[in-house]
Amino acid sequence: MHTPWDHRFAQRTKRMGSSAIRELLKLTEQKDIISFAGGLPAPEVFPVEAFSVACERVLREVGAQALQYGTTEGYQPLKEMIARHTSRFGVEITPDNILITTGSQQALDLLGKIFINPGDKILVEAPTYLGALQAWSAYGAEYITVQVDEHGMDTDALEDALRSGPKFIYVLPNFQNPSGATMTLERRTRLIELADRYGVPIVEDDPYGQLRYEGKHLPAVMVLDSQYQENCEVGYLGNVIYTSTFSKILAPGIRLAWVIAPPEVISKMVQAKQGADLHTSTFNQIVAYEVSKGGFLYKHIELIKSVYGERRDLIMAAMDGYFPPGMEWTHPEGGLFTWITLPENLHASDILKTAIEKKVAFVPGSPFYPDGGGHNKFRLNFSNANPERIREGISRLGKVLNDAVG
Ligand SMILES: Cc1ncc(COP(=O)(O)O)c(C=O)c1O
């Protein structure tokens, strides 16, 4: 249907679709549906009491500052805390390397704003995070893809893809959204070497890196790059733009994340952010800092890991018990998602329709592939539903899948 508004909207809006995930999230509002669709944290682990105490203290002690405009770069003590946190992993960064953003979704959007001309190619994993595609398509991005397997991005295929001249490489090395895959150390190193050889920057999106339930921590691509570049003794001057977020380790509702990058990139992002929102909420930054400091955040992350690790084990066992033969799924070492592969002849979007009738939901795989594919894949989130609902939800889904396979 045409409306008088159609011809008034900018060309770029033609490339904006409402995200399939957001549409599906609407379903979670129906109480009787057990949804494994969204990437939602468990509400039980939100530190509500710590926030309540911190809000009260912030308003009492620095109320005027917290309610005032702030700098675009972000609240200095929060940036210093992030710098200390980063130095634990072996990279000495300065506050000039950091920008606080309104969620890492904003970081992705700002990167689109400063880097992408219409028609620019962005090298992404297939599958990849839908929100990044959504942000960059609006700037006219085209995509080159490299497949992800259980060891992360297939770096054997990377060199070929780099020959088509991408503007940057977008990679999710830890417990990837949506596949749950973790990139091996060897592949991380290879990625850095190839990116350096072809002169292509890397955008590393790492919301889940601290939520590991088994195996050994692997250094971030940015950390490895700082060792590789040899020019990063004071401050980071390398080839990686890193982003992480408080969404999965504290609470997504505060919309708080950070970017680490060479100062030149940070300055350009600051200019872009001024046009977007001037700065991230001063109040939220100060409160998050107050909640996090003194070791609270590290203790809280341990709590989240124990809850989600248990849920990961539970969903794995439930799928073993209820899913029919002929299906495969990933065993994520951390994060929030597992990725299911149906037999080739089945379409996840058809199965979703039946699943919804049976009051269970997931996200079908196709939207995570910018150049097609994934018709027989789907993503399940295991952080949000409690153990009882995980068991019941997977049992419902198992019945739907048994019927489909049968
Ligand atoms: C890979 C990835 N990047 C970015 C985001 C956005 O996170 P934020 O809440 O910080 O905007 C998400 C959210 O789920 C994500 O999975």
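Computed from the coordinates by the stated procedures, all read-outs in this text should not be read as laboratory data. Remember, it's a predicted structure, so these values are computed and weren't measured experimentally. For neighbour counting, all protein chains shown are included, and Cβ atoms are generated from backbone atoms with ideal geometry for every residue, glycine included.
Mind ordering 380-387, 37-44, 160-167 by average Cβ neighbours within 10 Å, highest first? Numbers along the way, then the final one.
On the way: 380-387: 21.6, 37-44: 18.2, 160-167: 15.8.
Top of the packing list down: 380-387, 37-44, 160-167.
Tell me which lysines have Cα within less than 22 Å of residue 359's Cα, excluding those fewer than 8 residues away on the same chain?
Filter leaves 26, 31, 377, 399.
Need one number: nm distance between label points at residue 293 and residue 68, each 7 Å from Cα along Cα→Cβ, rounded to one decimal.
1.7
If one computes the Cα centroid of the stretch 286-344 and of the stretch 134-199, what distance in Å separates the two points?
23
Cα atoms only, the chain: Rg and Dmax in Å?
21.2, 65
Find the centroid of the Cα atoms in the stretch 352-383 and in the stretch 262-283, then give the distance between the two in whole Å.
First find each Cα centre; the distance between them is then 35 Å.
If I stretch the segment between residue 234 and residue 399 completely, what's the gain in nm (0.36 nm per residue apart, minus their alpha carbon distance), one decimal?
Additional length available on full extension: 53.7 nm.
Within a Cβ distance under 10 Å of residue 135, other residues only, what is the Lys/Arg minus Asp/Glu net charge?
Net charge in that neighbourhood comes out at 0.
Would you mind computing, in nm to one decimal, how far apart the modelled labels at residue 310 and residue 350 are, each placed 7 Å from Cα along Cα→Cβ?
Each label point lies 7 Å from its Cα, and together they span 4.0 nm.
Would you compute, from DSSP H runs of 4+ residues alone, the mean residue ellipticity of the chain at 222 nm, taking -39500 (n - 2.57) per run and dividing by the full residue count, rounded to the nearest 500?
Theoretical 222 nm ellipticity from helices: -13000 deg cm²/dmol.
Identify all aspartates and glutamates with a Cα-Cα distance to residue 353 below 15 Å; exclude those on the same chain that are fewer than 8 residues away in sequence.
The reachable aspartates and glutamates, counting only those whose Cα sits under 15 Å from residue 353, are 23, 403.
Taking neighbour Cβ counts within 10 Å as the exposure measure, how do 258, 329 sort from fewest upward?
329, 258
Apply the a/c threshold of 1.5 to the C-alpha gyration tensor of the stretch 217-326 and tell me whether it is rounded, prolate or oblate.
prolate
What nm value, rounded to one decimal, do you get for the distance between residue 328 and residue 357 when each label is placed 7 Å out toward the C-beta?
3.0
Taking every DSSP beta bridge that has both residues in the chain, what percent is antiparallel when rounded to the nearest 5? Display every interim value, and only then the final one.
Details: 20 of 38 bridges.
Antiparallel: roughly 55 percent of the beta bridges in the chain.
Under 14 Å from the Cβ of residue 341, count the other residues' Cβ atoms, weight Lys and Arg +1, Asp and Glu -1, and hand me the total.
-2
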